[in-house]
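As structure tokens, the structure follows; a few thoughts come after it.
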Amino acid sequence: MNVFISGGGIAGLTLALKLLQNNINVTVVEKNAKPSPKYKGELLQPKSIEILSHLGLGDQLLKYGEKIEQMIVKEIEPTHQVKYAKWDYRILDHSFNYAMMIPHEKLKEILLDACHQLNDHFYFGDTKFITLEPEGTGLKQVAVIEQAGEEKRIPSDFFVGAEGRMSPVRQTLGIGLKRKKYNHHFLTVSFPKPSQLKEATIITKGDQLLGVFPLPNDLVRTVLLIKSGEYKQLLRSGLDTLHQRYIDLMPAMDGFVQSVDSFKKIQLMIPVNHHAETYVFENTAIIGDAAHSVHPIAGEGMNLAIQDSDVLGELLTWMDRTNQLDPTLLRWFERVRRPRVEYISNLSHLSALVYSYDFALWRKFRMQVLQRIEKNSYLHFKQILNISGLGAWKENMFDRLMQAGFPLAQHLGPSFNQKEHFYTKEDDYPWY
Ligand SMILES: Cc1cc2nc3c(=O)[nH]c(=O)nc-3n(C[C@H](O)[C@H](O)[C@H](O)COP(=O)(O)OP(=O)(O)OC[C@H]3O[C@@H](n4cnc5c(N)ncnc54)[C@H](O)[C@@H]3O)c2cc1C
């Protein structure tokens, strides 16, 4: 079997590694010649760590990543009183009960090195996918690429669009998108970490929100929420105003945030939520951000890309081993992934809405809900399970009542067996 992958991001490289490990011929084209300095997702959720560990990268992740076991959410009230809730991945009775921060380009480098150890000739950087063209009769297609100013044609059995949000494969196939919009943007920058900062923390005060996530090498990734259109105003006010905003939200940043000495070091992030109408068309599939992009607040984008690659890679491997090249089998990929992506996308969207409104009563209610989730092991487990990717257990009316503090509901917490709610091999790969 030959598989052509357009885009050498996290999705494309994870898929390539899985296929190469299973002796499938892979060609990856990547339009960039060298690593991009742009910030992209860095948070690995437990399911992604499990997948990458099964691909043999566990030691490298531990070497270059920073383990995250807890997430703290703090609210600074107008009285300056600080309320907080703690969520803990260790509530999961699972060997991958932690998340991890790893620089995006480092993870790509690790994946690319692992691929190169298996095949030195699969990857073409500085090479752009242009379009798909029919060849002969039937489904046979060729990918048209541009390399060093020349157009070339690459025939393949299967084609995968993994080129991120603007995916030319998706556009070539005419697959439409459903979109949602947000009333806010983010500024993101990393700088040296104050020593007292140990845990991933989200701090809110009035209409302000700052997320801080420890990175390896004593750095910290920060994500600051701003209103749409506020960026230009901040540019005019100057860096001191911005530094002060960080310090107001987290005094420990004083003496550290000042190392951001130019707006050029700061990246403006505009949240995008889109979902493709289909992931599969004949012998072509789209994965990662090409198929779906989610609001970054829950740190899921890169994880959905890795999880797509795992499922598609396993399916193609099975098709190759059993000598079944029937493209309709690709539908299994969409059958497994679409409901999971829809669920996570919706969770990320709801989390974004929770922080999109700024009324005193709403803020108070928001913190009370977070604290009730922390204190109730059933709600806490559900929350962490759902973001971890290791399983899904949808919220119901009963949960909402407990979150809202309905008095009787507090005493009627259901007993549950964690093991029943983790995905099994049959859930992940149901075609076997
Ligand atoms: C600015 C930004 C901030 C983000 N922040 C977060 C975050 O905080 N948390 C989170 O979880 N996720 C975040 N994400 C999302 C996360 O980065 C993506 O979900 C993840 O990178 C998806 O991986 P991918 O491989 O599908 O796409 P990408 O990472 O976009 O990779 C696509 C690759 O395809 C290449 N390509 C594009 N066009 C072509 C072509 N014609 N031919 C060949 N190659 C091509 C690109 O150069 C790129 O290398 C962010 C994304 C962006 C853009």
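Tabulated data for the structure shown
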| read-out | value |
| --- | --- |
| Residue in segment 180-193 that is nearest to the ligand (Cβ to nearest atom), counting only those that are modelled with pLDDT under 95 and either part of a loop (DSSP other than H, G, I, E, B) or more than 30 Å from Val257 (Cα to Cα) (or both) | Tyr182 |
| Selection count where residues are closer than 30 Å to Asp358 by Cβ, away from the ligand (no atom under 16 Å from the Cβ) and of a type outside the set (D, E, K, R), scope segment 32-88 | 12 |
| Out of Ala148, Ala143, sole residue that is within 12 Å of the ligand (Cβ to nearest atom) and of a type outside the set (Val, Ile, Thr) | Ala143 |
| Segment 370-423, residues that are of a type in the set (A, V, I, L, M), modelled with pLDDT of 85 or more and not in a loop (DSSP other than H, G, I, E, B) | Leu370, Ile373, Leu379, Ile384, Leu385, Ile387, Met397, Leu401, Met402 |
| In segment 95-132, the residues that are within 13 Å of the ligand (Cβ to nearest atom), within 22 Å of the chain's Cα centre (by Cα), of a type outside the set (D, E, K, R) and not in a loop (DSSP other than H, G, I, E, B) | Ala99, Met100, Met101, His104, Leu107, Leu111, Leu112 |
| Yes/no for Asn273 being more than 8 Å from the ligand (Cβ to nearest atom) and either touching a Gly at 6+ places or on another chain (Cβ under 8 Å) or more than 16 Å from Gly389 (Cα to Cα) (or both) | yes |
| Residues of segment 282-301 classified as near the ligand (Cβ under 7 Å from one of its atoms) and within 16 Å of Lys18 (Cβ to Cβ), total | 2 |
| Test: residue in segment 77-90 that is among the β-branched types (Val, Ile, Thr) and surrounded by 19 or more Cβ atoms within 10 Å (Cβ to Cβ) | no |
| Pairs with Cβ under 6 Å, 6+ apart, first in segment 105-118 and closer than 23 Å to Lys38 by Cα, second aromatic (Phe, Trp, Tyr) | Lys106/Tyr64 |
| Glu163, sole failed condition from (1) within 12 Å of the ligand (Cβ to nearest atom); (2) closer than 26 Å to Ser351 by Cβ; (3) of a type outside the set (S, T, N, Q) | (2) |
| Val3 aliphatic (A, V, I, L, M), more than 14 Å from the ligand (Cβ to nearest atom) and under 30 Å from Met367 (Cα atoms) | no |
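Here is a yes/no grid of residues against (1) within 26 Å of Lys181 (Cβ to Cβ); (2) in the same structural domain as Leu225 (by TED's automatic domain parsing); (3) touching a His at 6+ places or on another chain (Cβ under 7 Å):
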position: Ile344; (1), (2), (3): yes, no, no
position: Ile373; (1), (2), (3): no, no, yes
position: Glu395; (1), (2), (3): yes, no, no
position: Leu401; (1), (2), (3): no, no, no
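The values are calculated or read from the model by the stated rules, or taken from the named source; none is laboratory data. On a predicted model such as this, the values are computed, not experimentally measured, just so you know. No Cβ is skipped: glycine too gets one built from the backbone with ideal geometry, and neighbour counts run over all protein chains shown.
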